[in-house]
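The values are calculated or read from the model by the stated rules, or taken from the named source; none is laboratory data. Nothing here was measured: the structure is a model prediction, and the numbers come from that model. All Cβ positions, even for glycine, are placed from backbone atoms using ideal geometry, and neighbour counts span all protein chains on display. Quick note on the areas: whole protein, heavy atoms, side chains included, nothing else; ligands and nucleic acids left out. Shrake-Rupley method; radii C 1.70, N 1.55, O 1.52, S 1.80 Å.
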Amino acid sequence: MWGGRFAEGPSAIMREINASIPFDKALWRQDIAASKAHVGMLGAQGIVAPEDAATIAAGLDQVAAEYEANGVPEDWDLEDIHMTTESRLAALIGPVAGRLHTARSRNDQVATDFRLWVRDAIDQADAGLAALQRALVDRAGEHAASIMPGFTHLQTAQPVTLGHHLMAYYEMAARDRSRFADARARMNRCPLGAAALAGTGFPIDRQATAVALGFDGPTDNSLDSVSDRDFALDYLMAASQCALHLSRLAEEFIIWASQPFGFVRLPDSLSTGSSIMPQKKNPDAAELVRGHAGRIVGCLTALMITMKGLPLAYSKDMQDDKPPVFEAAGLLTLCLAAMTGMVAATQFRTDRMRAAAELGYATATDLADWLVRQANIPFREAHHITGAAVKLAESKGVALDQLPLEELQAIDARIDQRVFAALSVEASVAARASHGGTAPAEVEKRVAAARTALGLG
C-alpha cells in the first residue's frame, strides 16, 4: 500500500502496533455495506463505468459470503478490515477493484463503518432494554399488591408494594432508552465522501450514499467528519448509565437473595454453587453484572482520554476508539440478558417481604400522618409522639398496630380507636394513592400505561 512513498517495509514492531485487523474485523458487514453504497454512487455519477461498478458490487457480495462462511482472515501486513477487503476483492475481480477507492479515504471509510456499527449497537441495546421492561412490567403486574418494606439508607422506611419497586426500574430503563435514542438521532449523519480531511474534487453525490446507508443526510464539515467520535462517546455514556441501573438492580437481587433477607429464590440457571460448601447458591450472574458496570464505565473513560487532546483531523490514536466500544457493547448485551432472565424467573417470597415490612415499624409515618389529619397536631409534635410509640413497641417486641389503645393513649390522650385503621401495612400502601405512589390501584395504572407504551395491549 505504501510502496510508492516508502523504500522499506515496516519493522516488526511497527507492523504489530499498527495492525488493527484483530479487532476491526468486527466492522466487516458495515465495510461491505458502505463500499457497495459508495461504488453504486460512483457508477451513478459516471465516475466509474457502470459495468465496473457492477463488477465491484458483485465482488463485494462474494467477499461478504466468504466472511460469513469462514470469518475474516487476519493478515497483519494488510493492517485493517478495509485493506483486507480490498485485497480479497482484487484477487477475485482483478485490477478493476482498484477503482473502488476513488473519491474516498480510509479516514471517511472507517468513520462511516464505525458509525454504522455503533448505530446497530444502539438498536441492539434498545431491544435489550425493551425486553427488560417487558419482564419488569409482567412481574410488577403480578405483584401490584404484594407488600414489602421500602428502604432509605437500607433501613426500613415505609411499606411499598413489590410492583411499585419493580416499576422504578422500568422508569430507569425508559430513560436509558431515551438516551440511546438521542444518541442515535444525533449521530445519524454520513461522513462518507469527506475523504481524507478536505473533501474530494470528484463530482460525488453524498446525499445518495447517505440515503443508501440509512442516514438522515451527509455531515457538513469534512474535517469534523473524519475526526468526530462523539457518536462513540454518546453510546458509551448511555451504556454506562444503563450499566449503572443494571448494577443497582443486580445489587437488590444480591441482597434479597441473602439468608438474612430471604426475599427471593434466584433461578438455578443464573446461579452457581460452591466447590466445598454444598448449601451455597451464589448470585454470580448478578454479581458479574455489578462488576461489568465498572468495566463499561472504564471503557467510556478510556475513549474520553484518547480523544481529549487530538488536533484536527485524523490521528492514529483514533485507531484505539473501537476496542472500548466493542467491549462495552458485548458486556452490556450480556448484562441486559442476565437481568431480564433474572427478573422473569426469580421467585419472590412475598411472605418474607410482608413480615419484614411489619417488623420494621414501617407504618410509623402513617401514625404521624393520622395525628396530623385526625387530631390536628402539628407534624413536628406528631413526629415526637410517634417516636415514643415506636420506642414502646420496640421494647415490647410488637408491631405498632399491636400496641393496646390504652398504652398509646398514655403517650398521647388524643389517640383513639380509629388509629388502628391506619396502622396496618395494607392501609399504609393503600393510602399512598397520589400520582406515582405505591398504592396497588396506582401501580396497576402505571403497569397498564407501560404495557400500552410497550405495545403489549
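Volume per residue of the convex hull around the Cα atoms, evaluated for the stretch 15-102, comes out as 82 Å³.
3J(HN,Hα) along the stretch 423-429, derived from phi through the Karplus expression 6.51 cos²θ - 1.76 cosθ + 1.60 where θ = phi - 60°, amounts to 9, 7, 5, 5, 5, 4, 5 Hz, with x in place of Gly and Pro.
The HN-Hα couplings worked out from phi for the stretch 113-128 by the Karplus form 6.51 cos²θ - 1.76 cosθ + 1.60 (θ = phi - 60°) are 4, 5, 4, 4, 5, 5, 4, 5, 5, 5, 4, 5, 5, 5, 5, x Hz, whole numbers, x standing for Gly and Pro.
Spatial offset of the stretch 196-232 relative to the stretch 58-77 amounts to 25 Å, using the alpha carbon center of each. The long axis of helix 284-307 is offset from the longest Cα principal axis of the chain by roughly 50 degrees. Applying the criteria of a DSSP loop state and at most 12 other Cβ atoms within 10 Å to the trypsin sites (Lys or Arg not before Pro) of the stretch 277-327 yields LYS280, LYS308.
Share of carbon and sulfur in the accessible area of the chain stands at 54%, probe radius 1.4 Å. The alpha carbons of the stretch 259-389 give a radius of gyration and a Dmax of 25.0, 74 Å, in that order.
Taking the three principal axes of the alpha carbon atoms in the chain, the coordinate ranges are 100, 52, 42 Å, sorted in descending order. The phi-based Karplus calculation (6.51 cos²θ - 1.76 cosθ + 1.60; θ = phi - 60°) puts the 3J(HN,Hα) values of the stretch 38-48 at 5, 5, x, 5, 4, x, 5, 8, x, 6, 10 Hz, whole numbers, x for Gly and Pro. The separation of the stretch 373-445 from the stretch 24-53, counted between C-alpha centres, amounts to 72 Å. Each DSSP beta bridge with both residues in the chain is either parallel or antiparallel, and the antiparallel ones are about 90%.
For the stretch 89-182, the share of alpha carbon pairs falling in successive 5 Å distance bins from zero is 3, 11, 12, 12, 11, 9, 8, 6, 6, 5, 5, 4, 3, 4, 1, 0 percent. The shape of the stretch 185-248 can be summarised by an equivalent ellipsoid whose semi-axes, obtained from the alpha carbon gyration tensor, come to 31, 13, 6 Å from longest to shortest. Once backbone amide H atoms are built at 1.01 Å from N, VAL160 has MET148, GLY150 as its partners under 5 Å, excluding neighbours fewer than 5 places away on the same chain.
The relative contact order of the chain, computed from alpha carbon pairs under 8 Å that lie at least 6 residues apart in sequence, is 17 percent. Between the listed residues ALA33, ALA97, VAL289, the Cα displaced farthest toward the positive end of the dipole of the chain, a dipole computed from Cβ unit charges relative to the Cα centre, is found at VAL289.
Using the rule -39500 (n - 2.57) for each DSSP H run of four or more residues, divided by the residues of the chain, the 222 nm mean residue ellipticity is -20500 deg cm²/dmol. The angle between the Cα long axis of helix 81-93 and the longest principal axis of the Cα atoms of the chain comes to about 40 degrees, rounded to the nearest 10. The H on the amide N of ASN282, modeled in the peptide plane, is under 5 Å from the matching H of THR272, GLY273, each at least 5 residues off or on a different chain. Temperature 4 °C, viscosity 1.567 mPa s: under these conditions the Stokes-Einstein estimate for the stretch 360-423, based on its Kirkwood radius over C-alpha pairs, is 114 µm² per second.
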